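Undergrad: Here's a structure for you.
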Amino acid sequence: MIRFENISKIYNSHSVALKSVTFEVKPNEFVSVVGRSGAGKSTLLKLLIAEEKPTGGKIFFNKQNILQMQLNQMPFLRRQIGAVFQDFKLLPNKTAYENVAFAMEVAGKSEREIKNDVPKVLDLVGLKDKANNFPRELSGGEKQRVAIARALVHRPSVIVADEPTGNLDPINTWDIIRLLIKINELGTTVILATHDKEIINTLERRVVSLENGTVVRDENPGRYILS
Amino acid sequence: MFTTLGRIIKSGLLNFWRNGWLSTATVLIMTVALITWTSIFLLNVVLTSVLDVLAEKVDVSVYFNLDTKEPDILTLKSKLENLKEVANVEYVSTDQALEIFKNRHANDDVLLKSIKELNINPLEASLNILAKDSTQYATIASFLNQDQFKNIISKINYTENKVVIDRLNNIIRVLRESGFVAGLILAFIAFLVAFNTVRLAIYSSREEITVMKLVGASNWFVRGPFIVEGVLHGIIASAFSFMVIIPGIGFLGPKLLNFLPEINLMNYIGNNFWSLLLFQTLGGIILGVFSSWVAIRKYLKV
């Protein structure tokens, strides 16, 4: 479904984020990408949603090389991938409901679909009561759940989550992880980047370990082992 | 298509309302820019009228020998009127010249008495010539200096006033040019201020723009609401600017009328109200849309 082929990303001669990274993600997998800060986890996910371009290599999404896509095709790629970020990246001037609805609006969904789907997804993440609150009125955990609802609402085939629990306390962290597991069980591929050892060891799913920009371990089920 | 357009417009209006503080600041700066533009335009109207009035005060008079017959003068008058440089020719007969003289010196008994004692009318008939452009008097003067008119013309006052006319022409030219250039510079400064305000406003939204793109919004879906906001800024700023300019003219117009009776700004505004309003609103909208359009470009490259 997703294949990274010999991917490298060099910012400058002192900063090499990724060195010939190759691995594949199959449909319905739950893959964790682990590594220390600066190991290249975030870069890898940014390349998948085309927020950045690699220096070399190929990235396939559903057999299509996303590096050969025209700029005006990017929105269509991104509508098939739901992205969740450490800093939530909600639109501050939109309510929780509007933030989630936005992902459907950009895809040109009808008002009826939006009115039908958004409350359901907000219910799924447990935020039915906060639909009309602005992000500044929500806690960190609530913001991240809105972000997940937004990533989920247009039924993407894959969700990429870049350190989604990085800014959260342990209780909220587990809420979010349980949510991601639930989403995966409902049939969506999940790629989770994290450096949280406890999460990885509890998940018992596939783990891709990155060190200094290279894949040092790829095990299923894997554990958090870094030298 | 219409759903998307509706969403873009709704989103633009919502952003305008929810970014209240930023919208107010942008509208105020744009109001200042529009007031500057309109003031420069009106000042140019005033300057042009002043210079036109000044240019009209310059004319050339041709005086004829006392024994010249009226038909000869009228023949010359019609020849002059056929010149493309000439705007108007006015004939003052000897009798009219005497009338004017008497009226002008009505309080001077000595002069009036001496005229009476002369028994004949010593004043020469004349043609007052107004050129279409005050720089064209030299051409008209050279036409009059032809040999065929030499025996009827006693003097042409252009030759005497040449220095003054040339100097006045120079002053008019310099004022027109420098007024135009100064206006352009000021208008450009006003544009830069407004443009950079919009750029700062959009700079503050740069992360939102990235987020929208990452969620899968097309460039138009991101840009659209900002353009709608730009249009709103322009329209509101234009309304504010008119609310300042109209009372301002009402206040300054009468004062200007006191020492420049030829220039009635209030009439000018009255006659051109709708076109001024239209151009100002268009200016505001173009300013708002152009600034948003240019400012947002670099943040869309995600």
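The values are calculated or read from the model by the stated rules, or taken from the named source; none is laboratory data. This one's a predicted model, so the numbers in the text were calculated from it and none came from an experiment. Glycine also receives a Cβ, built like all others from the backbone with ideal geometry; neighbour counts cover every protein chain displayed.
Undergrad: Looking at region B:100-111, is at least one residue at pLDDT 85 or above and closer than 28 Å to B:N169 by Cα?
TA: Scanning region B:100-111, I find no residue that is at pLDDT 85 or above and closer than 28 Å to B:N169 by Cα, so the answer is no.
Undergrad: I've got another one for you. Give region B:213-236 a look and list any residue that's more than 8 Å from every other protein chain (Cβ to nearest Cβ) and of a type outside the set (A, V, I, L, M), or say none.
TA: B:W220, B:R223, B:G224, B:P225, B:F226, B:E229, B:G230, B:H233, B:G234
Undergrad: Given the conditions (1) crowded, with 20+ Cβ neighbours inside 10 Å; (2) part of a helix (DSSP H, G or I); (3) facing chain B (nearest Cβ under 9 Å), which single one is not true for A:L44?
TA: (3)
Undergrad: Check region B:149-171 and report whether any residue there is in a helix (DSSP H, G or I), over 34 Å from the mean Cα position of the chain (by Cα) and surrounded by 15 or more Cβ atoms within 10 Å (Cβ to Cβ).
TA: Among the residues of region B:149-171, at least one is in a helix (DSSP H, G or I), over 34 Å from the mean Cα position of the chain (by Cα) and surrounded by 15 or more Cβ atoms within 10 Å (Cβ to Cβ), which makes the answer yes.
Undergrad: When region B:1-27 is examined, which residues are found to be more than 22 Å from A:N93 (Cα to Cα) and either of a type in the set (A, V, I, L, M) or touching a residue at least 24 places away in the same chain (Cβ under 8 Å) (or both)?
TA: Correct list: B:M1 only.
Undergrad: Continuing with this model, one more query. Within region B:1-21, track down each residue that is surrounded by 18 or more Cβ atoms within 10 Å (Cβ to Cβ) and part of a helix (DSSP H, G or I).
TA: Within region B:1-21, B:R7, B:I8, B:S11, B:G12, B:N15, B:F16 meet the criteria.
Undergrad: Working only within region B:100-122, note down all residues that are surrounded by 13 or more Cβ atoms within 10 Å (Cβ to Cβ) and in a helix (DSSP H, G or I).
TA: Result: B:F101, B:K102, B:L111, B:L112, B:I115.
Undergrad: Give region A:80-97 a look and list any residue that's touching a strand residue (DSSP E or B) at 6+ places or on another chain (Cβ under 7 Å), of a type outside the set (A, V, I, L, M) and under 14 Å from B:T210 (Cβ atoms), or say none.
TA: Result: A:F85, single match.
Undergrad: Look through region A:143-198, keep the residues that are polar (S, T, N, Q) and more than 21 Å from A:F76 (Cβ to Cβ), and return whichever of them is surrounded by the fewest Cβ atoms within 10 Å (Cβ to Cβ).
TA: Taking the candidates together, the pick is A:N167.
Undergrad: Let me ask something else. So B:E207 ticks every box in (1) over 37 Å from the mean Cα position of the chain (by Cα); (2) in contact (Cβ under 8 Å) with a residue 12 or more places away in the chain but one. Which box is left unticked?
TA: All conditions are met except number (2).
Undergrad: Given the criterion modelled with pLDDT under 90 and away from chain A (no Cβ under 14 Å), identify the matching residue among B:L186, B:L256. Let's see the steps before the verdict.
TA: Numbers: B:L186 fails: modelled with pLDDT under 90.
Checking each option against the conditions leaves just B:L256.
Undergrad: A further question follows. Filter region A:138-172 for residues that are among the β-branched types (V, I, T) and more than 14 Å from chain B (Cβ to nearest Cβ); which is nearest to A:V31 (Cα to Cα)? So that I can check it myself, show each step before the final result.
TA: Taking region A:138-172 as the starting set, the residues that turn out to be among the β-branched types (V, I, T) are A:146, A:148, A:153, A:158-160, A:165, A:171.
Then drop every residue that is not more than 14 Å from chain B (Cβ to nearest Cβ), which leaves A:165, A:171.
Details: A:T165: 16, A:I171: 22 Å.
That would be A:T165.
Undergrad: Okay, moving on. Can you tell me which residue among B:D72, B:D52 is touching a residue at least 12 places away in the same chain (Cβ under 8 Å) and either aromatic (F, W, Y) or in a helix (DSSP H, G or I) (or both)? Even if it seems obvious, please write down each step before you answer.
TA: Values: B:D52 fails: touching a residue at least 12 places away in the same chain (Cβ under 8 Å).
Result of the check over B:D72, B:D52: B:D72.
Undergrad: Let me ask something else about it. Could you list, ordered by first residue, the pairs with Cβ atoms under 6 Å in which the first is in region A:103-131 and part of a loop (DSSP other than H, G, I, E, B) and the second is buried (at least 19 other Cβ atoms within 10 Å of the Cβ) and among the basic types (K, R), at least 6 apart or interchain?
TA: So the pair list comes out as A:A107/A:R79; A:V125/A:R145; A:L127/A:R145.
Undergrad: Another question, if that's okay. Which ones in region B:255-302 are in contact (Cβ under 8 Å) with a residue 40 or more places away in the chain, more than 23 Å from B:E208 (Cβ to Cβ) and among the small types (G, A, S)?
TA: B:G283, B:G284
Undergrad: Another question about this same structure. In this structure, does A:V100 turn out to be more than 9 Å from chain B (Cβ to nearest Cβ) and either in contact with a Cys (Cβ under 9 Å, 6 or more places away or on another chain) or within 15 Å of B:G216 (Cα to Cα) (or both)?
TA: The answer is yes for A:V100.
Undergrad: Let me spell it out: the conditions are (1) more than 30 Å from B:M266 (Cα to Cα); (2) in contact (Cβ under 8 Å) with a residue 24 or more places away in the chain, and B:G216 meets all of them except one. Which number is the exception?
TA: (2)
Undergrad: So A:R112 fits all but one of (1) of a type in the set (D, E, K, R); (2) surrounded by fewer than 15 Cβ atoms within 10 Å (Cβ to Cβ); (3) in contact with a helix residue (DSSP H, G or I) (Cβ under 9 Å, 6 or more places away or on another chain); what number is the exception?
TA: In the conditions (1) of a type in the set (D, E, K, R); (2) surrounded by fewer than 15 Cβ atoms within 10 Å (Cβ to Cβ); (3) in contact with a helix residue (DSSP H, G or I) (Cβ under 9 Å, 6 or more places away or on another chain), A:R112 misses (3) alone.
Undergrad: Let me confirm something: among B:N119, B:N103, which residue is without any contact (Cβ under 8 Å) to a residue 12 or more places away in the chain, at positive phi and not β-branched (V, I, T)?
TA: Being without any contact (Cβ under 8 Å) to a residue 12 or more places away in the chain, at positive phi and not β-branched (V, I, T) holds for just one of B:N119, B:N103, which is B:N119.
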